[in-house]
Amino acid sequence: MSIIYINPYSFPAASSFLLDAYPGAAAAYSLRNLSSATTNVVRVRRSSGSPSEADFTAAQVTNGELETFVGAGNNGFVTTWYDQSGNANNATQTTTSVQPQIVSGGAVILLNGKACLQYNTSGTANLFFTRLTTVRSVFEVLNINSGQLTALSFLLGDSTNYDYHGGSSTWLDPGIAAAVVRNGSNRINNEIETLTTTNRVSSQVLISMIHTGNAAAGRISEDRTSPGRSIRGNMQEVIIYTTDQTANVAGINGNINAHYTIY
């Protein structure tokens, strides 16, 4: 009998780019590079100066170029969060008063040491993307403002449906959120949780949801035509699949946690 020796170094290393390792996302938004093909991750409007807007790569968000563009003492707001899935389903906002903020007083806003989008405390900030009606898996990195834990904060929103309806203090409402969402395999920091009974917290969390059927979403994160029901806090990453990612959930969560060190 012959013995075959396998050199463990002959296999390619797992990609550090989440979407290279776990392709097929319908939409993917982050301030880090999720794909080796990513160029710009965000477009920012500055509160003063001309030109008023510019695109930025992930490196430029963190290396001082974004802060230089916005200017000392000025604020920067997100007009476009670029989709890194390859589907060009960018999340945009043209109304200046409800654009999420990314720079405050000339400094990039951080959550646990990483850049983030800051949503206002009135719950009116939001971004729109082309509506998806067959959402099956969602991954989000965010936190809720400590003083807003009992205010409605939708994880995702839609023009018609309220599949991700938040509870008065819980991540999902037990009677209003869609059954395919609330009864799915839901996790916080890679631990199985019941999002209809788990209260929102102000610490940074990774929420992953594997639905039992199709859900609809088109907003990060306003509820239909109800201003005041967007997330009230900070958002760092939103990845949406129209496929069941049960087989990959631990790997996807592991990739996310390796970057953000959440748990």
**OP:** Only residues that are open to solvent by 20 Å² or more (accessible area, probe 1.4 Å) and among the polar types (S, T, N, Q): list them for the stretch 162-173, please.
**Re:** SER168, SER169
Original post:
Going by the conditions given, is VAL78 touching a residue at least 24 places away in the same chain (Cβ under 8 Å), farther than 16 Å from ARG219 by Cα and of a type in the set (A, V, I, L, M)?
Top reply: no
Original post:
How many residues, within the stretch 1-29, are open to solvent by 60 Å² or more (accessible area, probe 1.4 Å) and either at pLDDT 70 or above or part of a loop (DSSP other than H, G, I, E, B) (or both)?
Top reply: 15
Original post:
Do you know which residues across the stretch 223-247 are open to solvent by 20 Å² or more (accessible area, probe 1.4 Å), farther than 19 Å from ASN183 by Cα and either of a type outside the set (Lys, Arg) or not in a loop (DSSP other than H, G, I, E, B) (or both)?
Top reply: THR225, SER226, PRO227
**OP:** Scan the strands (runs of 3 or more DSSP E) fully inside the stretch 70-150 and keep the ones with 3 or more residues being buried (at least 23 other Cβ atoms within 10 Å of the Cβ).
**Re:** 76-81, 127-144
Subject >> Residue list for the stretch 250-259, restricted to those being under 12 Å from GLU140 (Cα atoms) and open to solvent by 10 Å² or more (accessible area, probe 1.4 Å) >> reply: ASN257
Subject >> First in the stretch 40-59 and within 17 Å of ILE109 (Cβ to Cβ) and open to solvent by 50 Å² or more (accessible area, probe 1.4 Å), second anywhere and at pLDDT 95 or above and not aliphatic (A, V, I, L, M), Cβ under 7 Å, 6 or more apart >> reply: ARG43/GLU53; ARG43/ASP55; ARG43/THR79; ARG43/THR80; SER47/ASN74; SER47/ASN75
Original post:
Counting only residues that are in a loop (DSSP other than H, G, I, E, B) and either open to solvent by 50 Å² or more (accessible area, probe 1.4 Å) or farther than 22 Å from ARG131 by Cα (or both), how many does the stretch 174-199 have?
Top reply: 12
Original post:
Among GLY213, GLY218, which is the only one that is among the small types (Gly, Ala, Ser), touching a Phe, Trp or Tyr at 6+ places or on another chain (Cβ under 7 Å) and assigned to a strand (DSSP E or B)?
Top reply: GLY218
Original post:
For the stretch 84-110, which residues satisfy the criterion of being closer than 16 Å to SER221 by Cβ and either of a type in the set (A, V, I, L, M, F, W, C) or in contact with a His (Cβ under 7 Å, 6 or more places away or on another chain) (or both)?
Top reply: ALA91, VAL98
Subject >> All positions within the stretch 131-150 that are of a type in the set (S, T, N, Q) and more than 18 Å from VAL98 (Cα to Cα) >> reply: THR133, THR134, SER137, ASN143, SER146, THR150
Original post:
Within the set of pairs 6+ apart or on separate chains, which have a first residue in the stretch 182-195 that is under 16 Å from ASN257 (Cα atoms), a second that is among the acidic types (Asp, Glu) and in a loop (DSSP other than H, G, I, E, B), and C-beta atoms under 8 Å apart?
Top reply: ARG187/GLU193
**OP:** With respect to SER202, determine if the residue is at pLDDT 95 or above, open to solvent by 40 Å² or more (accessible area, probe 1.4 Å) and part of a loop (DSSP other than H, G, I, E, B).
**Re:** yes
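The values are calculated or read from the model by the stated rules, or taken from the named source; none is laboratory data. Because the structure is predicted, anything quoted here is derived from the model rather than measured. Quick reminder, even Gly has a Cβ in these numbers, built from the backbone with ideal geometry, and neighbours come from all protein chains shown. Side chains included, ligands, DNA and RNA excluded: accessible areas come from the protein's heavy atoms. Shrake-Rupley method; radii C 1.70, N 1.55, O 1.52, S 1.80 Å.
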